[in-house]
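See structure below.
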Amino acid sequence: MSRRVRLVRKVAFAAGHRYWLSERSAEENRRLFGQWASPYNHGHNFVLEVVTEGPVDPLTGMVVNIKDIDTVLRREVVGAYDLKSLNDEVPDFADEVPCLENMLHAIRDRLAGQLDGVDLASLTLYETPDLWAKWEEGKLTLTRSYEFAASHRLHAPGLSDAANLEVFGKCNNPKGHGHNYVVEVEVTGEPDPVTGMIVDLAALDRVVEAEVLSRYDHKCLNDDVAELVGQNPTSEVVALAIFDRLRDKIPGRLVAVRLHETARSAFEVREP
Ligand SMILES: [Zn+2]
Ligand SMILES: [Zn+2]
């Protein structure tokens, strides 16, 4: 049996949408959509990442001809959504709010049965670089990305000064150093019966602001952050601390926390 390989293809489309149900009162719309409630459109440069999987054809050496994937994506996604008002011009959203979650369901339905010889492994739809939804194995998650700037010194209390210098090198500098940390919070939840959204994004932002950003941003992780005092604030330890702080407070269920210390390194804690 030939081995299976995953293939990732990205497409982009620009579209308008609004969070507003005309049959409901303004008050009800504000309750449903919070700060994003508006009877007027706004728009995004959406990016869709399509992951397909299949066996490698021994004759061509390919899983699937990327031209065939592109033909399907051009027809079913770009052709259907690009430069349109999703609420007004796309039948997929005649009865549904065009939020990321419903858009992913619609795109999955559009691609079903269209990709010959390969399976659809996952779909990720980016609304902005700091907000995206992912569908994989029937599960939908939403990820929000945040930034904080903080200093730290890597120094393990259980090791000698010489051993700390040996293990952590320049990161053991007694005066510390700092990073622009990027923290991605991946959550899931039950879809709201009216909006289709799996998490209250405004509530998520509030919790992350209160529990992490306001307490970590422009702080020294070793000295200023209570849960890290006395610990060696490696990104592993910081990611675990953030996961534990958020787990019981966020709306929905916490799936993962990913902490990027630099553009080249990321650390992920997933739900057990
Ligand atoms: Zn939007
Ligand atoms: Zn560092």
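The values are calculated or read from the model by the stated rules, or taken from the named source; none is laboratory data. Predicted model only: the values in this text are computed from it and were never measured. Reconstructed Cβ throughout: ideal geometry from the backbone, glycine too, with neighbour counts over all protein chains shown.
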- Query: Exactly one of (1) within 16 Å of ligand 1 (Cβ to nearest atom); (2) surrounded by fewer than 15 Cβ atoms within 10 Å (Cβ to Cβ) is unmet by K170. Its number?
  - Reply: (1)
- Item | Scope the stretch 245-267; condition surrounded by 14 or more Cβ atoms within 10 Å (Cβ to Cβ) and acidic (D, E); matching residues | E261
- Task: Can you tell me which residue within the stretch 35-86, out of those that are within 21 Å of T128 (Cα to Cα) and of a type in the set (S, T, N, Q), is surrounded by the fewest Cβ atoms within 10 Å (Cβ to Cβ)?
- Result: Q35
- Give just the number: which of (1) over 21 Å from A14 (Cβ atoms); (2) aromatic (F, W, Y); (3) more than 20 Å from the chain's Cα centre (by Cα) does F93 not satisfy? (1)
- Query: Before we move on, is A150 touching a Gly at 6+ places or on another chain (Cβ under 8 Å), in the same structural domain as V229 (by TED's automatic domain parsing) and either on the phi < 0 side of the Ramachandran plot or surrounded by 13 or more Cβ atoms within 10 Å (Cβ to Cβ) (or both)?
  - Reply: yes
- Message: Consider the stretch 149-179. How many of its residues are near ligand 2 (Cβ under 10 Å from one of its atoms) and farther than 25 Å from R215 by Cβ?
- Response: 1
- Task: Select from the stretch 206-224 the residues that are touching a residue at least 40 places away in the same chain (Cβ under 8 Å) and in contact with a Lys or Arg (Cβ under 7 Å, 6 or more places away or on another chain) and write down the one among them that is nearest to A239 (Cα to Cα).
- Result: V212
- Of the residues in the stretch 74-89, those that are within 19 Å of V194 (Cα to Cα) and either touching an Asp or Glu at 6+ places or on another chain (Cβ under 9 Å) or within 14 Å of ligand 1 (Cβ to nearest atom) (or both) number 2
- Query: When residues of the stretch 18-47 are filtered for being touching a helix residue (DSSP H, G or I) at 6+ places or on another chain (Cβ under 9 Å), assigned to a strand (DSSP E or B), among the aliphatic types (A, V, I, L, M) and touching a residue at least 40 places away in the same chain (Cβ under 8 Å), how many remain?
  - Reply: 0
- Task: Give the number of residues within the stretch 172-222 that are among the polar types (S, T, N, Q) and either within 18 Å of L142 (Cβ to Cβ) or within 19 Å of the chain's Cα centre (by Cα) (or both).
- Result: 3
- Message: Of everything in the stretch 51-77, what is out of contact with any Ser or Thr (no Cβ under 8 Å at 6 or more places or on another chain) and of a type in the set (A, V, I, L, M)? Give them in sequence order.
- Response: L59, M62, I66, V72, L73, V77
- Query: Given the structure, is V183 among the β-branched types (V, I, T) and either assigned to a helix (DSSP H, G or I) or under 22 Å from L104 (Cα atoms) (or both)?
  - Reply: no
- With (1) assigned to a loop (DSSP other than H, G, I, E, B); (2) within 18 Å of the chain's Cα centre (by Cα); (3) under 29 Å from D57 (Cα atoms) as the list, and Q114 as the residue in question, which single condition is left unmet? (2)
